[in-house]
Each structure stands twice: as C-alpha cells, then as structure tokens.
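Okay, structure first, notes after.
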Amino acid sequence: MAISSVWQILIVLILSILVMQTPHAAENDRQSAAGLIHQLKFGVLAHDVGDLWSGFHRENGVDLNIEVVLAPSLDVLGGKLRPALGGSINTNGDTSKGYFDILWQYNLSSGIFVVTGVGAAVHDGKLHSTHVGRKALGSRVLFHIPLEIGYFLTSRTTFSVYFDHVSNAYTASENEGMDTLGARLGYVF
C-alpha cells in the first residue's frame, strides 16, 4: 500500500506532537506535561458503508483511524469544545483522508460520552466518476462530520462506536459522499 505525500505529512505531524509530549515535566505538573494533547484515539472502521448517510457503497476495505484531540477547550452547553486532527488510511488502496475538526464532547455521570463536530477533510480519492469501483467525491477538500458514542472504561481509557461522513455538500457537480463506521479506543492524557 502506497502512502501519499498528504499522509506522510500527517504522520510526521502526529509523531512530532507525540515526541513533544515525552514526560520531562514533574508529575504534579501533569496538565502542562500533557501539553497540547488531550486525548489520542485509534480505531478500525468499515470503509464506505452504504445505506447510512451517503446512500450507496462502492469502495472496499478497512480504514485504520488515528485522531489527536487537542487540549485547548471551551465550555459550551455543558460540554467541551476542542480541536482535533486525524486521519483514516484505507487498507484496500481506496480513498484515505486526513481531517481537522472542532469537536464538542458531553460526558454523562454514568461514564457514557457523546462527541460530534464539524470540520474539513482532504482525501486522495477520485473527484469524478471515471472509475466504477470508486466514489466521485467532486472536490479535494470535503466537509467532515463525525459522531461518536462511547464509555470511559477507566478515568483515562475509552471505548467508542465512531461514525463519520465526508462530502462536498453539493458545492461541486459530483457529490457521492462517503461514510465510515467502526470502533475506537482512546487514551486521555
């Protein structure tokens, strides 16, 4: 599987952030030691699931997903608003994407949490319907809409069901859109 230059840049950025987070600070300064990262999430997602939001299925494979939720937050409607950077690499060589979102997370006292947001995604897929087995996404930059429902297994680890949708919202002549659905594990710093 070839990794495009967009993915190489995304991987270098994520690794750089992780290297900056090595534990050089004192334990009592945990929040500033965590620095820029609030949570790191890893997932396995079904690629281009049909009959959800996009309506039909063309591409195949499994997506490996990583997301870094950044620490700066803003209290909004009882939850936290935070920026996030992530990406999904398709193991079948079909469309992969990188994204930047603004996420809103609401935690219930039972340990259940809900996350939603909006952002932008950049992908390496097809723009026009020249390939029978590929989606025609119409634009290189797409809207990214995530939805996640999960549970805190411990105070630092989470398990969640994750769904996301990308499309150009009819800003281009072709807008087939794409959905993914799967599970993720997270670690809160």
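Evaluate the following for K97: is it in contact with a His (Cβ under 8 Å, 6 or more places away or on another chain) and charged (D, E, K, R)? Yes: the conditions hold for K97.
Name the residue that is modelled with the lowest pLDDT, counting only residues in the range 108-139 that are over 21 Å from the mean Cα position of the chain (by Cα), farther than 17 Å from Y170 by Cα and hydroxyl-bearing (S, T, Y). My answer is T130.
Would you check if S54 is modelled with pLDDT under 95, surrounded by fewer than 16 Cβ atoms within 10 Å (Cβ to Cβ) and polar (S, T, N, Q)? So S54 fails the test. On the stretch given as the range 170-181, residues that are outside any loop (DSSP other than H, G, I, E, B) and within 20 Å of F100 (Cβ to Cβ) total 3. The C-beta contact set for the range 147-169 (first residue without any contact (Cβ under 8 Å) to a residue 60 or more places away in the chain, second residue part of a loop (DSSP other than H, G, I, E, B) and of a type in the set (S, T, Y), distance under 6 angstrom, 6+ apart or interchain) comprises N168/S139. The combined condition, being of a type in the set (F, W, Y), over 19 Å from L36 (Cα atoms) and either crowded, with 20+ Cβ neighbours inside 10 Å or in contact with a strand residue (DSSP E or B) (Cβ under 6 Å, 6 or more places away or on another chain) (or both), is not fulfilled by Y99.
Considering the conditions (1) within 22 Å of L36 (Cβ to Cβ); (2) touching a residue at least 60 places away in the same chain (Cβ under 8 Å); (3) surrounded by 19 or more Cβ atoms within 10 Å (Cβ to Cβ), F189 is excluded by exactly one of them, (3).
The values are calculated or read from the model by the stated rules, or taken from the named source; none is laboratory data. Bear in mind the structure is a predicted one, so any value in this text is a computation, not a measurement. Heads up, the Cβs are rebuilt from the backbone with ideal geometry, glycines too, and the neighbour counts pull from every protein chain shown.
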